1. Every residue in region 102-122 that is at pLDDT 95 or above and either under 27 Å from residue 68 (Cβ atoms) or part of a helix (DSSP H, G or I) (or both), please.
2. Among 76, 100, 67, which is without any contact (Cβ under 8 Å) to a residue 60 or more places away in the chain and under 18 Å from residue 134 (Cβ atoms)?
3. Give the residue, chosen from 56, 61, that is over 18 Å from the mean Cα position of the chain (by Cα) and outside any helix (DSSP H, G or I).
4. Out of 89, 96, I need the residue that is modelled with pLDDT under 95 and crowded, with 18+ Cβ neighbours inside 10 Å. Which one?
5. Would you tally the residues in region 1-41 being in contact (Cβ under 8 Å) with a residue 40 or more places away in the chain, part of a loop (DSSP other than H, G, I, E, B) and surrounded by 11 or more Cβ atoms within 10 Å (Cβ to Cβ)?
6. Can you name the residue in region 66-93 that is more than 19 Å from residue 11 (Cβ to Cβ) and in a helix (DSSP H, G or I) and is also nearest to the chain's Cα centre (by Cα) among such residues?
7. So which of 132, 120, 144, 138 ends up being out of contact with any helix residue (DSSP H, G or I) (no Cβ under 6 Å at 6 or more places or on another chain) and either surrounded by 13 or more Cβ atoms within 10 Å (Cβ to Cβ) or closer than 19 Å to residue 81 by Cβ (or both)?
């Protein structure tokens, strides 16, 4: 059985570093293109491949279930970290474009504390966790299917 905690540890550390780097860049006024480079979204496109290869080569009995669990935990924890940044952005009225209400953020005129601290971050957390996990399952699932097809011994077990 594949240990999910061991598998997501390094990617979560990378995600946390990227989140912190982006906050720092936004606060010092870095150009928008640079801020976009430091987005966790890029990880959501790369990590499913990493997880899929690790799971496929581990000989997990149910690789697709393992992939689903691994992706869901990784995405949920990383999205919780991002939700926390939105809560902090509301508290300190950060002006980075992604935090502005017109861009789906929490900073702007008319945003109540309940919305800024709970509703908007929670809504973003749920929607993105579900959608990113689904996309990751498609990407990672293709990798697992291809790898299983290439190794007949893996598909026989």
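The values are calculated or read from the model by the stated rules, or taken from the named source; none is laboratory data. Computed from a predicted structure; not experimentally measured. Virtual Cβ from ideal backbone geometry, glycine too; neighbours counted across all protein chains shown.
1. Within region 102-122, 113, 114, 115, 116, 117, 118, 119, 120, 121, 122 qualify.
2. None of the others qualify; the one that does is 76.
3. Working: 56 fails: outside any helix (DSSP H, G or I).
61 is the lone residue from the list that is over 18 Å from the mean Cα position of the chain (by Cα) and outside any helix (DSSP H, G or I).
4. Details: 89 fails: modelled with pLDDT under 95.
Step by step, each of 89, 96 is checked, and only 96 is modelled with pLDDT under 95 and crowded, with 18+ Cβ neighbours inside 10 Å.
5. Matching residues across region 1-41 total 2.
6. Restricting attention to region 66-93, the residues satisfying the condition of being more than 19 Å from residue 11 (Cβ to Cβ) are 86-93.
Remaining after also requiring in a helix (DSSP H, G or I): 86-92.
Numbers: 86: 15, 87: 17, 88: 19, 89: 19, 90: 21, 91: 23, 92: 24 Å.
By that ranking, first place goes to 86.
7. Of 132, 120, 144, 138, the one residue that is out of contact with any helix residue (DSSP H, G or I) (no Cβ under 6 Å at 6 or more places or on another chain) and either surrounded by 13 or more Cβ atoms within 10 Å (Cβ to Cβ) or closer than 19 Å to residue 81 by Cβ (or both) is 120.
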